[in-house]
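Worksheet: one structure, shown below.
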């Protein structure tokens, strides 16, 4: 049988086939393996013995936080509701230190004669609190920023305060962009404008002369090397940005003619985001280093080699060359870049350049996660079911099929089930079948499939009939979650990016159902139906627990969402930004941490204003309608005013469902 079958059988047995009379067989260790937390968690995430997800923002250097405790504190103390973004700001510090220390060690080990000057590309997460925290963490390393648009340039110039660190300016530029960048040069900042086309070189020269400042200019090289996966087209000869070899030489000539030869400071390249294979990085670095070396040999005073972004994140924990993974570590990445640049430069006998990298995803992905509440499940079958006794032919037939099920008749039973259901559908279409009979046929159909699945799970995989290999996919459930995929997980909807998903509690309980996640938008695409898997690129369902809100909320965590998801959200159905809370470790606190800042998500009135619905106008229009109904004696004035006040009060509410109104209590550390 196929690998798909063996994997599916193993997972099914692990999740839903407990040993007889052993209710405590499932442990947190099983959950850690099932949800692969030990792999994508990267030392930041784990599961404790009580079945709770824990977070160690500084890994071994600091304390450990129970994620559910943070959620409960945000709800109880700050009045926030889920969906909730939780940011562990200490993790940003740890990621910045990890990257800079890796490059500094590689430089020392290889006796490299240059420095590392990394920059954070704020397009990956432009939120002020995030960028400022990164700059603060990077101050000892003179870690700077990269901007790629006019708004980013304006923001970057204001929050950048370390004049030893760089501001690298990418993207297409008009005169206003260039003027603000050169204002930074006037302020003593190391602002490097990357030319994406020759006309930008001419514009920079012209405006620099007008302002009276010497610019610092870089050129983006259009390499032959290119990345892999979803972002492969960022590099290669058909890339959106970059100059050809002849254009680079012409750019250098333009600077020389303008008397600005010394302005040529940097060579830049970018092969794509989320580069999974270290061999791609090595090839690109060697090609770009050759450009740098040849330009130096021609007498151009280039000082920096910018290797762009691409440092990947292992979203699926597979440590492979798949789109959602990486086959290398941060340390290997730094060592390979340093060694290959040094090797080319030593061969060409030119000085070692200062190395710049623009790692964004690897800095911010881990620090943020989205916590959502699953408040219901769309199940195919009723849990409590007793076969109906009737003389209707279809009811008799399907009851007999169910009663005759055994391991020897699996395939025959399956075919008979399909025949009865098809006959029921045809009779219903022509009006010859009543609803109660149709309902019974459907219910018995799905309950019998469940029984077939239980038999299959105890069989040797090689003996399972081919028609029944995908039985799990026919029986999956859907957990309804209070969030919008379009607002909070846009990359998953847009091109199937994978994010780790797991319950944040109850992990010492065996999950009992295979499920997907559906959001509360009215769009059928509002769902998460692809998940990470240990043995194959992805799986279509996720093992989850049953939802019982009488016992408390059921919270799911969607992890590693700190890169891009905060910024690229879409207000589909007018679901706005969600609440968020920022967490800092503090050993002086009894709980080991404190909530440094909370930010409320969009209200209904705020998202309506984005689409030109002004609150006063809306209230005025509704009041006019209420007044009209009162004049017609269809509504009492007191009730009319109460309804109007309720409408106006509702405009201040969150755009998401207020599940707290119906929740009876919050889960405790013992699970629910």
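By count of other Cβ within 10 Å, fewest leading, how are 164, 287 ordered?
Lowest count first: 164, 287.
Checking the a/c ratio against 1.5 first, then a/b against b/c, what shape does the Cα gyration tensor give for region 48-169?
Oblate, because a/c is 1.5 or more while a/b does not exceed b/c.
Can you classify region 393-469 as rounded, prolate or oblate using the Cα gyration tensor, where a ≥ b ≥ c are the square roots of its eigenvalues, rounded means a/c under 1.5, and otherwise it's prolate if a/b beats b/c and oblate if not?
Details: a/c = 2.78, a/b = 2.37, b/c = 1.17.
Cα axes put region 393-469 in the prolate bin.
Working from Cα positions, state the angle (0 to 90°, nearest 10) between the long axis of helix 637-650 and the longest principal axis of the chain.
50 degrees
So, how do all the Cα-to-Cα distances of region 89-367 break down into 5 Å bins, in percent, from 0 on up?
1, 6, 14, 18, 20, 18, 14, 7, 2, 1, 0
How would you order 190-196, 99-105, 31-37, 451-457 from highest to lowest mean count of nearby Cβ atoms within 10 Å?
190-196, 31-37, 99-105, 451-457
Order by neighbour count: 95, 76, 361, fewest other Cβ atoms within 10 Å first, most last.
Ranked by crowding around the Cβ, least crowded first: 76, 361, 95.
Take region 123-188, compute every pairwise Cα distance, and split them into 5 Å bins from 0; I just need the percent in each bin.
Spelled out bin by bin, region 123-188 gives 4, 17, 32, 25, 16, 5, 1 percent.
Quick one: angle between helix 435-457 and the longest Cα principal axis of the chain, in degrees between 0 and 90, rounded to 10, please.
Rounded to the nearest ten degrees, it is 60.
If the chain were replaced by its equivalent ellipsoid, with semi-axes equal to the square roots of 5 times the Cα gyration tensor eigenvalues, what would those be, largest first, whole Å?
53, 33, 24
If contacts are Cα pairs under 8 angstrom and at least 6 residues apart, what is the relative contact order of the chain in percent? Kindly include the intermediate steps, with their values, before the conclusion.
Working: 1271 pairs, mean separation 108.9, N = 672.
16 percent.
Roughly speaking, what is the stretch gain from residue 348 to residue 105, that is 0.36 nm per residue apart minus the C-alpha to C-alpha distance, in nm to one decimal? The partial results should precede the final answer.
Values: separation 243, 0.36 × 243 = 87.48 nm, distance 2.41 nm.
Full extension of this stretch gives 85.1 nm more.
Could you pull the Cα extents of region 503-542 along its three principal axes, largest to smallest, in whole Å?
The Cα atoms of region 503-542 stretch 34, 25, 16 Å along the principal axes, largest first.
Within region 60-102, whose backbone N sits under 19 Å from a point 7 Å along Cα→Cβ of residue 590?
Output list for this probe position: 64-79.
If we count other beta carbons within 10 Å of each Cβ, what is the order of 277, 467, fewest first?
If I rank by nearby Cβ atoms, fewest first, I get 467, 277.
With a/c under 1.5 counting as rounded, go ahead and sort region 284-379 into rounded, prolate or oblate using the C-alpha gyration tensor (a ≥ b ≥ c being the square roots of the eigenvalues; past the cut-off, prolate if a/b is larger than b/c, else oblate).
prolate
Computed FRET efficiency, Cβ-Cβ of residue 614 and residue 154, R0 22 Å: what is it to the nearest 0.05?
After rounding, the FRET efficiency stands at 0.20.
Quick one: if the Förster radius is 56 Å, what FRET efficiency do residue 415 and residue 319 give, using the C-beta to C-beta distance and rounding to 0.05?
0.85
With r as the distance between the Cβ atoms of residue 211 and residue 246 and R0 = 22 Å, compute the FRET efficiency 1/(1 + (r/R0)^6) and round to 0.05.
0.15
How much length, in nm to one decimal, is gained on full extension between residue 329 and residue 460, taken as 0.36 nm per residue of separation minus their Cα-Cα distance?
Extra length available between residue 329 and residue 460 comes to 43.2 nm.
Hey, what angle do you get for helix 198-211 against the long axis of the chain, alpha-carbon based, 0 to 90 degrees rounded to 10?
Result, in degrees: 60.
Across every pair of different alpha-carbon atoms, what Kirkwood hydrodynamic radius in Å does region 406-451 reach? Show your work: numbers first, answer last.
Numbers: mean 1/r = 0.0895 Å⁻¹.
One over the average 1/r among Cα pairs gives 11.2 Å for region 406-451.
Bear in mind these aren't lab numbers, they're just calculated from the coordinates by the rules spelled out. Treat the numbers as computed from the prediction; the structure is a model and nothing was measured. Note: ideal-geometry Cβ built from the backbone for every residue, glycine included; neighbour counts use all protein chains shown.
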